[in-house]
1. Run the numbers on the range 63-175 and let me know its relative contact order in percent, using alpha-carbon pairs under 8 Å that are six or more apart.
2. Hey, which aspartates and glutamates would be in cross-link range of Lys238, C-alpha to C-alpha under 18 Å, not counting anything within fewer than 8 residues on its own chain?
3. Quickly estimate the mean residue ellipticity at 222 nm for the chain, helices only: each DSSP H run with n ≥ 4 gives -39500 (n - 2.57), and the total goes over all residues, rounded to 500.
4. Packing-wise, with mean Cβ within 10 Å as the measure, how do 121-133, 176-188 rank, highest first?
5. If I take R0 = 41 Å and measure r between the Cβ atoms of Ser134 and Ala279 in this structure, what FRET efficiency does the formula 1/(1 + (r/R0)^6) give, to the nearest 0.05?
6. I'd like the carbon and sulfur percentage of the solvent accessible area for the chain, probe radius 1.4 Å, heavy atoms only, ligands and nucleic acids excluded.
7. Going out from 0 in 20 Å bins, what whole percent of all Cα-Cα distances in the chain drops into each bin?
8. Within the chain, what percent of beta bridges assigned by DSSP are antiparallel, to the nearest 5?
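The values are calculated or read from the model by the stated rules, or taken from the named source; none is laboratory data. Small disclaimer: the values here were computed from a predicted structure and weren't measured. Cβ coordinates were reconstructed from backbone atoms using ideal geometry, including for glycine residues, and neighbour counts include every protein chain displayed. Ligands, DNA and RNA are stripped out before the accessible areas are found, and what is left, the full protein with its side chains, is counted by its heavy atoms. Shrake-Rupley method; radii C 1.70, N 1.55, O 1.52, S 1.80 Å.
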Amino acid sequence: MTDRKVRGRFAPSPTGPLHFGSLVAAVGSYLSARSQGGEWLVRMEDLDPPREAKGAADDILRTLEAYGFEWDGEILYQSRRRDAYEAALDVLRQQGALYACGCTRKEIADSSVHGVEGPVYPGTCRAGLAAGRSARALRVRTDNAVIDFEDRVQGRQCAQLEREIGDFVVRRADGFHAYQLAVVVDDAEQGITEIVRGADLLTSTPRQIYLQRLLGLPPPGYLHLPAALNVQGEKLSKQTRAEPLARSEPVPVLWQALAFLGQRPPPEWRSATRADFWAAAAVRWSEACIPRQSGIVLPDSVVKNNILEQGE
Ligand code: GLU
């Protein structure tokens, strides 16, 4: 990569309030960028209204402020970017990489093998819609060329999209653009040079690299942090009822996020001011100390957000 100025980002989906798992991604992306003298942007990934919770976007921003995150520039809202996504679809269409698919979810589930992320699309509509079928989603054609990349935490990753994922959706049957497309278009629009996020998104990255190549967009670096898991081994999320982050005492929670990321923060930092905490954390940040794991189980006290009850 050229020596572009480092620019990271945090890209929450407003499906609910921030929880400890999302905080880890925010802290990791923020400190990675800031420790290199880079910029850090926030993008609201509000492109899926059926999954969104009313007021969640503002609630997330208020929480980020309460935790002392300072972002550069304007917040980009994906809900306002439909024209840019359509323009990207046009580029794919001109290359013959796009096709309309008439399959329902059930048909796909019934006729396919299981891949790294659910059913592999069997390519039913690749050669055109069968008579009497109407277009639902738009898919991008994949192949079995190996897509490999070096993740700065998880190491070398390889994927073959056609075999592992199949031709994937870039515009859904309900007309909304797919995350995989939007994220690629917007990371390029915002000039992002490094993507720091949870390892639950590691299997999405080859699709994103594939789209970047088709669209002629610059490749960012990747750093997938261990995902925060509850004692059942599930990723903290709205579905697994992760507790919302409290705004009242951010520093001990930030301390816990740093500890989760292997940074060994000194105990006295828990009672530091927010500003002192951030300044010290950026100086101490070490990418090499991040555990090379895709997930780490958290004690219930952290999951339940009772961090202050934990003795040192
Ligand atoms: N919006 C996605 C999420 O909240 C993150 C996307 C990304 O970081 O690429 O899971």
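1. Values: 142 pairs, mean separation 27.4, N = 113.
It rounds to 24 percent for the range 63-175.
2. Here the aspartates and glutamates satisfying the reach criterion relative to Lys238 are Glu45, Asp46, Asp48, Glu52, Asp58, Asp59, Asp200, Asp300.
3. Values: 10 runs with 98 residues, N = 312.
Helices in the chain give a 222 nm mean residue ellipticity of -9000 deg cm²/dmol.
4. Result, highest mean first: 176-188, 121-133.
5. Values: r = 58 Å, r/R0 = 1.41.
Once rounded, the FRET efficiency stands at 0.10.
6. Values: 7200 of 14420 Å².
Carbon and sulfur atoms account for 50 percent of the accessible area of the chain.
7. Reading upward from the zero bin: 31, 57, 12, 0.
8. Working: 17 of 33 bridges.
Expressed as a percentage, antiparallel bridges in the chain total about 50.
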